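In what follows, a single structure is set out as structure tokens and then discussed.
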Amino acid sequence: MHLEKIVTLANQNTRLRFIAMERSLRATGCNLPLWVIPYDEKKFDLPVNAHWWELENVLHWLEVHHAHRMMRKYQCLLESNYQFVDSDVIFLKNPERELTSFSGFITSCGHWHNPEHVITKEVLTFFDKSTTTWQQKIFNAGQFACDKRLYNFDELKQIAEQPEYKASCISFRFHDQPGLNLLVNLSGISVTNITLQPYCMESTWAGDYTDEDYSRFWKNESKKPYIIHWAGCSMSTNRPIDKLFLGYLTKQEREEWNKKLAVITATRNTFQSKLKTRLRKMKAAVKLAVR
């Protein structure tokens with residue numbers, strides 16, 4: 001695989017994550033251009049060698065269908081020779097070097113043993129017709145690479161709007177994972193997960209590293225992951241591995257980050273408190289009703 005660009009999805013709300021991701025990429029020696037898909041209209045100033053990437057036909061089509069904004073990643077399927085990462089990723093090694101020997105569609109996630117956030121009824125129906133080992137073909141939509149253009153716009157639109165696929169590819173309310181998994185596998189491209197045999201790279205998910213000595217799993221350089229992804233991990237729990245992300249922020253940026261975490265934590269605590277109060281009232285009402 002000969003990478004030509006790194007693609008990501010971002011907006012003002014994810015700016016600090018984006019900053020850490022971009023700096024970690026450059027620290028590995030990778031100087032490829034960074035194409036940034038805007039999650040919404042809340043843009044920010046990008047660093048050198050980065051630009052906002054908007055395909056108006058794709059974005060308009062998704063807006064018409066009120067599709068989840070994460071589905072803007074479908075733009076990638078119209079390109080070749082790219083590495084896509086969500087903004088909550090940092091690079092440990094240069095993706096240009098790490099992916100040189102691979103071809104096709106490449107992922108490095110653990111959804112093969114944790115598929116529930118990827119699969120819908122439509123996705124399972126598709127896989128049931130093609131393979132009994134479908135787990136090796138699914139992937140996390142927050143990080144993947146591909147050297148082939150899978151569709152042109154008309155092909156993408158036609159397939160995604162088919163009645164048997166539309167619920168996953170366009171109408172799914174929560175995120176883009178079922179849709180991307182379905183569209184990639186419908187294209188017929190070979191999907192390779194390099195955390196599986198024969199490669200057996202260590203996990204790229206921050207949630208798999210829970211103690212201070214997380215780097216002990218990376219003593220074999222060939223098995224060390226080239227990215228770490230915080231997908232679904234709350235950054236308010238202060239995992240030791242979170243230092244890898246924080247290390248790319250300035251003192252001022254860390255202060256801004258801590259303020260954001262404080263707001264998130266306070267909001268969550270308020271919600272949990274209200275929920276507990278509501279549950280107590282419901283329980284009391286039930287007891288009264290059965291007397």
Between residues in region 93-119 that are farther than 15 Å from Thr133 by Cα and residues that are in a loop (DSSP other than H, G, I, E, B) and among the acidic types (Asp, Glu), which pairs lie under 9 Å by C-beta distance while being six or more apart or on different chains? Leu99/Asp147; Phe102/Asp147; Ser103/Asp147; Gly104/Asp147; Phe105/Asp147; Ile106/Asp147
Which one is surrounded by the fewest Cβ atoms within 10 Å (Cβ to Cβ), of the residues in region 221-243 that are touching a Leu at 6+ places or on another chain (Cβ under 8 Å) and among the hydrophobic types (A, V, I, L, M, F, W, C)? Met235
Please verify whether Gln135 is within 22 Å of the chain's Cα centre (by Cα) and either at pLDDT below 95 or at positive phi (or both), treating the condition exactly as stated. yes
Of the candidates Leu150, Leu156, the one satisfying the condition of being outside any loop (DSSP other than H, G, I, E, B) and surrounded by 13 or more Cβ atoms within 10 Å (Cβ to Cβ) is Leu156
Before we move on, is Leu180 closer than 19 Å to Met70 by Cβ and in the same structural domain as Thr237 (by TED's automatic domain parsing)? yes
If you take the residues in region 177-208 that are among the polar types (S, T, N, Q) and outside any loop (DSSP other than H, G, I, E, B), which one is nearest to Val118 (Cα to Cα)? Gln177
Residue that is surrounded by the most Cβ atoms within 10 Å (Cβ to Cβ), among those in region 247-263 that are in contact (Cβ under 8 Å) with a residue 60 or more places away in the chain and not in a loop (DSSP other than H, G, I, E, B): Trp257
Need a quick list: helices (runs of 4 or more DSSP H) entirely within region 1-114 having at least 1 residues that are in the same structural domain as Ser236 (by TED's automatic domain parsing) and within 17 Å of Ile228 (Cβ to Cβ). 15-27, 95-98
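The values are calculated or read from the model by the stated rules, or taken from the named source; none is laboratory data. The structure presented is a predicted model; accordingly, all values stated were derived computationally and were not measured. Quick reminder, even Gly has a Cβ in these numbers, built from the backbone with ideal geometry, and neighbours come from all protein chains shown.
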